[in-house]
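What follows is a short report on a single structure.
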Amino acid sequence: MSDSSPVRHLAIAYPVRRRTLLLGTTASTALAACGGLPPAADIALDEPQRLRAVNRLGWGATQAQLAQVERLGWGRYVERQLKADPDAPLPAPIQARVDALGISQGEVATRVWAAESLRRRGDKDATEEERVAARKAYQEALGLAARETGERQLLRELYSEQQLLEHVAWFWFNHFNVHQAKRDIRLLLADYQDRALRPHALGSFRAMLGAVARHPAMLRYLDNDQNAARGLNENYARELLELHTMGVDGGYTQRDVQELARVLTGFGVRIDPEPAKVAPRFEKLYRRDGLFEFHPARHDFGDKQVLGHMIKGRGAEELDEVLDLLTAQPATARFVSRKLAVFFLSDQPPPDVVDAMSTAFHRTKGDIRATLRPMFDSPHFASAETPKFKDPHHYVLSSLRAGFEQRELQNAQPLQNWLRRLGQGLYDKQTPDGYPMTADAWNSPGQMTQRFEIARQMGGGAAALFRPEGTTIPVPLPDLKALRARTEPMLGQTTRGALAQATSPQQWLTLLLSSPDFMYR
C-alpha cells in the first residue's frame, strides 16, 4: 500500500477507541451539549444534528427519512415514530415476501407439532433409514424457521418507515434474550417476536414482561418448563430479577430468587395438541394458551415472600402480583432506563437524561413511550458530544440504508452471514445477558478488519444481496450522488481528504464505509 493511498490515510485516522466523534461540530451542537436548546417539539435541527438524531433513532438515515424530518420538524417526527403500529404493513413488494414465508402460514402450535412429530419419528421409526430421514427433516425445519425469522426481521429493519419500532424491537429481544440453538427455540422465534415483544415494544413494559414470562421461547430457554414444586429450578427467576427488571445491584437477595422460583413453578410448555391430564381438584386452576400451559399439579401452593411482600399461594395469579411489584421498583426504572439510554445515545449517557427517563418510567408504571420521550427531547440526542459507536448490526444495516436506499434485498442469507462473521449473529447469543452495547466490545482491530472487508464488498455493489440466491443476474451499481452531497460536508478533514482521492464511485463508497466517521451514529 503506497503512502498516498486513501485507504492508508483512513487507517492513520484511527484509533477507533477514541471518544470524539469526527462528524462536524458546529456552534449549535456545542450549544446543544450545554443544554441551550429547547425541547424537541421546538428544536430546529441543523443538518449535522438532523443526521445524528435520525441515525440514533433507527437503523441508519436514508435520504427519504431526513427529508421527512426536515418537513415535519424533529418533534412531530418523533411523535409519529412513538405511535407506530406493529401490525402496519411494509411496502407492498416487501410485505408480499414476508407473507409468503413459512413462518407467516398458520399457527405456531401447528408448525411446532409438525416438527415435533418428525423428531419423535427419529426416535421411534422402524428402520434406521427412516429414523435418519426423520431427524434430518426435523433439523431442516428448525433451520428454515430461524432463517425465515432472520429474513423477516432484516426486511423490517431495512424497509419499514417505523424505524423506532424496529430499532426498539431489537433492543427488547436483546434484553429478553433467548438462544436459537437450545432445544426447539428456532421454531418459536418468530412468534416470540410477534406476540411477546413487538406489540408492547413502545407500550407497557409490564405487559411485555408478562407476555415474555408466558412465552414458550423464554420458558424453554431458561428451563422454567422443568421448574416444579418437587424440583425447583431457579434459572428464570434469577434472570428475571438480575437482567429483566431490577439489575444485579437492584437490592434483591438470594432468598428473593428462591421465592420467585417457587412462584414460577408450574409455568411451562405443552406441544401435544391433546388436552393435558388434570386432576379434578386442579381443573379450574389449569391454564393453556397455545403452547403455554400453567399446570397446577406442578405448582408450589405455599405462601411466598418476595422483596418483603407476602404473596398468597393461589396459582398462576401469583406471578402477575410479582410482576406488578417488580415493575414498580425504583431499581427497575433506573436499570431499564439507563440500558435504553446506552443503546440509543451513549456508552456513558448524561445522568440528567437517565434521571428524567427513570422518573417517567416510575411515574407511568413502565410506559415505554413516556420513558423514551425525555431522551428524544434532550439536546444531547443530536449532540456531537455524546458519540455512540456502532455495534455490528448497526454498522451493517446503516451501510445498506445509506448506500442502497432504493434497492430491494433479494437474498438475506449473505447479510445474516456477515452479522455472524462480525460476532453478532441473529439469535446467536448463548447467554441471557444479550449482546453488549458498548464500544469496547466491538472496536478491536480484528473487528475493524472484518468491517473493512464487508465495506469492500458493499463498495463493489454487494451483488449477492440484490439478486435471487443461486443466480448470476447482473446488478447495477448504486447511484451515490445524494449520499455524497449530504455526507461529505459533515465528515472530518482526514476522511474528506481520503475520499477526494477515490478514483471511482465504488472506491468512494468503500472508503466512506471504512472511515472512522461512519463507525459512529
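Structure notes:
- Per-residue SASA entry for T449, accessible area with 1.4 Å probe, Å² rounded to 10: 90 Å²
- Measuring against 27 Å, Cα to Cα, the residue pairs K83/K388; K388/K429; K284/K312; K284/K429; K136/K182 contain K284/K429 as the ones spanning a longer distance.
- FRET efficiency for the pair L325 and N417, taken as 1/(1 + (r/R0)^6) with r the Cβ-Cβ distance and R0 = 30 Å, rounds to 0.10.
- A cut-off of 5 Å between modelled amide H atoms, ignoring neighbours fewer than 5 places along the same chain, links R287 with F294.
- Accessible carbon and sulfur surface of segment 370-438 relative to its total accessible area, %, 1.4 Å: 45 percent
- 11 Å beta-carbon shell around R521, net charge (K/R +1, D/E -1): +2
- Angle in degrees between helix 163-175 and the longest Cα principal axis of the chain, rounded to the nearest 10: 50 degrees
- Seen against the Cα atoms of the chain and their longest principal axis, helix 505-514 is set at about 60 degrees.
- Subtracting the Cα-Cα distance of T253 and K124 from 0.36 nm times their residue separation leaves 41.9 nm of extension gain.
- Entry comment: accessible area of the chain is 41 Å² per residue, from protein heavy atoms only and a probe of 1.4 Å.
- Relative to the current alpha-carbon distance between Q63 and E408, full extension at 0.36 nm per residue lengthens the span by 122.6 nm.
- On Cα atoms only, tilt of 392-403 relative to the major axis of the chain in degrees: 50 degrees
- Range in the chain, longest, excluding exposed GluC sites (Glu not before Pro) [loop by DSSP; at most 11 other beta-carbon atoms within 10 Å]: 108-468
- Spin-label pair D433-R80: with each label point 7 Å from Cα along the Cα-Cβ axis, the two points sit 4.0 nm from one another.
- Label point distance in nm, H179-D440, each placed 7 Å from Cα along Cα→Cβ: 2.3 nm
- Length released on extending from R467 to E274, taking residue separation times 0.36 nm less the Cα-Cα span: 65.0 nm
- Projected label distance in nm at V475 and D303, using a 7 Å step from Cα toward the beta-carbon: 6.5 nm
- Listed values [x] 23.1, 69; [y] 23.0, 80; [z] 24.6, 83, entry calculated as Rg and Dmax of the Cα atoms in Å: [z]
The values are calculated or read from the model by the stated rules, or taken from the named source; none is laboratory data. On a predicted model such as this, the values are computed, not experimentally measured, just so you know. Don't worry about glycine lacking a Cβ; one is built from the backbone with ideal geometry, like all the others, and counts go over all protein chains shown. The protein model used for the area step is the full one, side chains on, heavy atoms only, and it has no ligands, DNA or RNA in it. Shrake-Rupley method; radii C 1.70, N 1.55, O 1.52, S 1.80 Å.
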